[in-house]
Amino acid sequence: MLRNFDYLKKWLGKFVWFAVLLLCVGMAESKLNRQQCDDLVVKVDYESGMRFIDQADVEKILTDNGRDPVHGNRQQEVNLKSLESRVRANKLVADCQVYHDLEGNLVVDIQQQKPLARWVGVSGQGEWRGTANGFYINTTGDFIPLSDRFSARVLTVSGDFFRNKKNLHSADGKQVVAMIRHLSEDEFWKAQVIQMIVAKSGNVELLTALGDQRIEFGKAENVAAKLIKLRIFYNKVMAADWSRYSRISLQFRDQVVCE
């Protein structure tokens, strides 16, 4: 009987401590909800190298250009999900988290879009068109707008393939995006390839910095193997004279055709 009483006493003590803990948490949460939003803290992932958006932009978005202020409001009156949706509506924002910290600040944590390439229209005569209709392509193959504030240093792409926004989510489009990523992640090809042209058919051509060559790549498949083959050709044939050939074709299996 005494053992049962000790067991009950033990669990009663644990229940009391748990109830006190819940009470303290509830009181703290209630106090925070009544607390005013004293300041706005904006955290942007500038370490990514992108600078599409700054604190002034975020404040305008959050407050609907000042028509819906957040300063001075009680925390319980601030709809965090609504503010997150408002910020995410900006096409240059990849993700956003909005929350309160223990000091009463409203914290906005933003991840910017990370473009892989920039599409710019080219006329039939090969002249650059205005960039008003250009766009960036991100890592998921989606189009994002250009920015007046910041220009990302990424691969320039052109060609009719990019005029249909659905193309980059097709089988060929996914291969094109993967090829852009491969070129961007390899330091040699990142420096060597200055433009990627993709025809409506999905065939790829590359324009190079050193040697001013046009590389007829074919479909964006077997990318790593083709580029290794081209690198070997560079080392064995082109090293002494990079201007020796103006056109190189990799479209044929196990062959490099030049002129």
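The values are calculated or read from the model by the stated rules, or taken from the named source; none is laboratory data. Every value quoted in this text rests on a predicted model; they were computed, and no experiment measured them. As a convention, Cβ positions derive from the backbone with ideal geometry for all residues, glycine included, and neighbour counts pool all protein chains shown.
Annotation note: Cβ proximity below 6 Å between a residue of the stretch 101-127 that is exposed (fewer than 11 other Cβ atoms within 10 Å of the Cβ) and a residue that is at pLDDT below 95 (sequence gap 6+ or interchain) occurs for S123/R129. Only one of the listed residues (E221, E205) is part of a loop (DSSP other than H, G, I, E, B), in the same structural domain as S184 (by TED's automatic domain parsing), charged (D, E, K, R) and closer than 15 Å to M179 by Cα. That residue is E221. Applying the condition of being in a helix (DSSP H, G or I) and closer than 14 Å to T208 by Cβ to the stretch 227-259 and asking which residue is farthest from the chain's Cα centre (by Cα) yields M238.
Yes/no matrix, rows are residues, columns are (1) surrounded by fewer than 14 Cβ atoms within 10 Å (Cβ to Cβ); (2) part of a strand (DSSP E or B); (3) at positive phi; (4) touching a helix residue (DSSP H, G or I) at 6+ places or on another chain (Cβ under 8 Å):
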| position | (1), (2), (3), (4) |
| --- | --- |
| F150 | no, no, no, no |
| T156 | no, yes, no, no |
| K165 | yes, no, no, no |
| S184 | no, no, no, yes |
| W189 | no, no, no, yes |
| I197 | no, yes, no, no |
| D212 | yes, no, yes, no |
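When you go through I215, I228 one by one, which is the residue that is within 22 Å of D160 (Cα to Cα) and free of Cβ contacts under 8 Å to residues at least 60 places away in the same chain?
I215
Filtering the stretch 144-161 to residues that are hydrophobic (A, V, I, L, M, F, W, C), under 17 Å from A94 (Cβ atoms) and over 14 Å from the mean Cα position of the chain (by Cα) leaves only F150. Cβ-Cβ distances below 8 Å connect the following pairs, each with a first residue in the stretch 70-84 that is under 15 Å from D101 (Cα atoms) and polar (S, T, N, Q), a second residue that is assigned to a helix (DSSP H, G or I) and modelled with pLDDT under 75, and a separation of six or more residues or different chains: Q75/L32; Q75/N33; Q75/R34; Q76/N33; Q76/R34. Taken as a whole, the stretch 82-91 holds no residue that is over 20 Å from R149 (Cα atoms), hydroxyl-bearing (S, T, Y) and assigned to a loop (DSSP other than H, G, I, E, B).
Selection of the stretch 152-177 for residues being over 13 Å from F217 (Cβ atoms), in contact (Cβ under 8 Å) with a residue 24 or more places away in the chain and among the small types (G, A, S) yields A152, S158, G173. Exactly one residue out of D54, D39, D68 is modelled with pLDDT of 70 or more and under 24 Å from D142 (Cα atoms): that is D54. Applying the condition of being farther than 28 Å from P145 by Cα and either part of a loop (DSSP other than H, G, I, E, B) or in the same structural domain as P145 (by TED's automatic domain parsing) (or both) to the stretch 92-107 and asking which residue is modelled with the highest pLDDT yields D101.
Take the residues in the stretch 210-226 that are of a type in the set (G, A, S) and modelled with pLDDT of 90 or more, then tell me which one is nearest to the chain's Cα centre (by Cα).
If we take residues in the stretch 210-226 being of a type in the set (G, A, S) and modelled with pLDDT of 90 or more, then A220 is nearest to the chain's Cα centre (by Cα).
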